[in-house]
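Asks: After the C-alpha cells below, expect a handful of questions from me.
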Amino acid sequence: MVLNDNRRIIAVADPVALAKAAAERLLSRIAGNGDRVAICLTGGSSPKQLYELLGNEPYRGQIPWDRVHWFIGDERFVPAGNALNNMRMARQAFLNRCAPLVNIHPMATGAADPDEAAHRYETELKSFYGADSLDPARPLFDVVLMGVGPDGHTASLFPGYPATDEKERWVVGVPNAHVEPFVSRVTLTLPALGSCHEMLFEVSGADKRAILTRVLAGEDLPAGRAVSVGETTWLVDRAALPENFREQ
C-alpha cells in the first residue's frame, strides 16, 4: 500500500519473511549501483535476523564486499566491546566475517563525550560524501535501515528532543535517552538519514502495533518524520500491522 507521500507499506507474514524481504531489497540496491555503495545500519533487535542472513549463503555470495561501506545510524555511547554497542552486534552477526575492516565505519565512542563523537562522525561522513552539504540529487546512502521504538523514536531521535528538529548538522550527541538503555547516544539527524535512495524500516511483533498505528495515522513522531529523498519502505509483519491496514 502506498500512502500519500513517498512511503510504501509492505506486509509480510512473520519475522523470517521480513528479514528475507529486507535482504532482497538491500541486495537489489547494491546491484543497482556499480560504484561505491553506502549502507547505513540500525541497532536494536529488529535487524539481527537480517544481519545473519547477509553473512551466510546465498546472500553473502551476492554482495561485492570490497566496494560496500557500512555505517551506523545511531550508537549508544558505550565502549566498542560493550554488549549495548550497536555496531558490535552488526560486527558479530556478519561484518567481522565478511567486510573489509576499512569498509566498516563505527562511531568513535571512545571520544571525550557524545558531541565530540558526533563531530568526528559528521567529518567522516562529509569526507566520504565529498561535500559539506547534502544534494538531494546525490544521496549519501544507498540504503538506510531503520526501526521504530515504543515511543515513536527512530535512530536516537526521541519525541520532543531538539535533535529531531535539527536541519543543518548531520550527526548530533544525545545526552539522555528516552527509553532503555538509559545511556547517552550519538545519532544521525533526519536530513542525513533521509539522504538515501531507499529508507527501509523493519517493524515486527504485536508490541509494535500500537505505535505503528500512531505513526501511520500521522501523529507528529520522529519515525513519522523520517522519509527518504528517494523511496521510504516500511516492511511490517502481520503481527505488527495496524487493524485498518489488514484488509487493504
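Asks: Where both residues lie in the chain, what percent of DSSP beta bridges are antiparallel, nearest 5?
Replies: Percent antiparallel among DSSP bridges in the chain is about 30.
Asks: Let me ask something else. Calculate the all-directions average of the projected area of the range 33-96's alpha-carbon convex hull, and give it in nm².
Replies: Average of the hull's projected areas for the range 33-96 equals 4.5 nm².
Asks: Local charge sum around D66 (other residues, Cβ-Cβ under 14 Å, Lys/Arg +1, Asp/Glu -1)?
Replies: Once all neighbours under 14 Å are counted, the net charge is +2.
Asks: Search the structure for amide H atoms under 5 Å from the amide H of G205, placed 1.01 Å from N in the peptide plane, and list their residues when 5 or more places away or on another chain.
Replies: D237, A239, A240
Asks: In whole Å, what are the Cα extents of the range 123-193 along the three principal axes, biggest one first?
Replies: Computed over the range 123-193, the largest-to-smallest principal extents equal 35, 20, 18 Å.
Asks: Next question. Any idea what diffusion coefficient the range 92-162 gets from Stokes-Einstein, in µm²/s, Kirkwood Rh on alpha carbon pairs, 4 °C, 1.567 mPa s?
Replies: 87 µm²/s
Asks: Roughly speaking, to the nearest percent, how much of the range 96-218's 1.4 Å accessible area is carbon and sulfur?
Replies: That fraction is 53 percent.
Asks: Points 7 angstrom from Cα along the Cβ direction at E57 and V102: gap in nanometres?
Replies: 2.9 nm
Asks: OK, next. Let me see the pair-distance distribution of the range 163-207: every alpha carbon pair, 10 Å bin width, integer percents in order.
Replies: Taking every Cα pair in the range 163-207, the percentages come to 23, 39, 35, 3.
Asks: What percent does the relative contact order of the range 1-136 come to when contacts are Cα pairs within less than 8 Å and at least six residues apart?
Replies: 19 percent
Asks: Along Cα→Cβ, 7 Å out, is where each label goes; now give me the distance between the ones at R8 and T123 in nm to one decimal.
Replies: For the pair R8/T123, the computed spacing is 4.0 nm.
Asks: Filter the cross-link list K20/K167; K20/K208; K20/K126 down to pairs whose alpha-carbon distance in this structure exceeds 30 Å.
Replies: K20/K167; K20/K126
Asks: Tell me what the chain gives for mean residue ellipticity at 222 nm when only DSSP H runs of n ≥ 4 count, each as -39,500 (n - 2.57), the sum divided by the residue total, rounded to 500 deg cm²/dmol.
Replies: My calculation for the chain gives -7000 deg cm²/dmol from helical runs alone.
The values are calculated or read from the model by the stated rules, or taken from the named source; none is laboratory data. On a predicted model such as this, the values are computed, not experimentally measured, just so you know. Note: ideal-geometry Cβ built from the backbone for every residue, glycine included; neighbour counts use all protein chains shown. Protein only, heavy atoms only, side chains kept; ligands, DNA and RNA dropped before computing areas. Shrake-Rupley method; radii C 1.70, N 1.55, O 1.52, S 1.80 Å.
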